[in-house]
């Protein structure tokens with residue numbers, strides 16, 4: 001059986017290595033930008049380079065594992081462990097020289113994420129978790145907010161690259177804004193989830209994510225005590241993600257359902 005601590009140590013090492021590489025690459029100014037799904041969905045040469053570094057290292061260290069990467073890497077595995085790689089989560093921030101980007105790596109088995117690491121190069125912060133072993137910022141254990149009232153909650157969210165989805169999401173946020181302390185939109189799902197984990201925000205919700213956006217940060221947040229679901233209170237899924245302090249989960253879902 002794979003030890004979760006071995007998996008998280010590997011994820012953490014590779015997230016740091018890739019994060020250092022892309023941060024150094026950003027300073028060169030040689031970004032090699034192109035677009036993907038829409039004119040606002042961008043990718044750089046460093047997204048691809050980061051994914052290549054991580055995938056090559058995973059294949060060398062664990063050749064029987066599967067791999068799914070945002071930039072197209074697909075490896076079928078036989079071990080029962082699959083890795084989800086977001087080589088730069090928050091590419092728009094990276095492109096514009098903003099610090100809100102991260103490298104996110106998670107290992108999952110048939111029941112979900114078992115180990116995850118999110119490294120934020122700009123702040124040098126490393127968030128990690130292994131299933132059943134808690135969540136950490138560096139070597140310090142972290143726990144989520146103890147908030148119990150939605151009207152004093154700081155809520156993070158994000159928006160799709162699709163303009164029709166954004167229109168709906170903008171209406172939802174507009175309806176929520178008078179009922180919470182404030183809204184934060186950082187631009188990187190993995191970091192938002194880690195901010196829930198350490199109590200920097202009380203809640204996070206978003207739609208139309210992908211598995212690689214969610215896997216590592218979701219494990220880190222839930223191991224820190226956060227509650228996760230879809231908008232209806234069922235199992236969390238990339239299409240509908242709510243992760244928040246347990247004390248405001250019911251109230252947040254009620255509000256999201258009213259604005260659906």
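Angle between the Cα long axis of helix 249-258 and the longest principal axis of the chain, 0 to 90 degrees, nearest 10? Once rounded, the angle reads 80 degrees. Rounded to the nearest 5, the antiparallel percentage of DSSP beta bridges internal to region 1-138 is 85%. Taking Cα atoms, how many degrees apart are the long axis of helix 4-28 and the longest axis of the chain, rounded to 10 and kept between 0 and 90? The angle comes out at about 90 degrees. Relative to the longest principal axis of the Cα atoms of the chain, the long axis of helix 45-61 lies at roughly 70 degrees. Full extension of the chain between residue 133 and residue 27 gives 34.5 nm of extra length, using 0.36 nm per residue less the Cα-Cα distance. Relative protection proxy for 22-33, 109-120, 75-86, 181-192, from highest mean packing down: 109-120, 181-192, 75-86, 22-33 (other beta-carbon atoms within 10 angstrom). Over all pairs of different C-alpha atoms in region 4-142, the reciprocal of the mean inverse distance, the Kirkwood hydrodynamic radius, equals 15.1 Å. Among 151, 20, the order by Cβ neighbours within 10 angstrom, fewest to most, reads 151, 20.
Between the C-alpha center of region 1-58 and that of region 182-260 there is a gap of 23 Å. Taking a ≥ b ≥ c as the square roots of the eigenvalues of the alpha carbon gyration tensor, region 150-258 is rounded, as a/c is under 1.5.
Only the coordinates and a few stated rules stand behind these numbers; no lab work does. Because the structure is a prediction, the values reported are computed rather than measured. Neighbour counts are summed over all protein chains in view; Cβ atoms, including those assigned to glycine, are modelled from backbone coordinates with ideal geometry.
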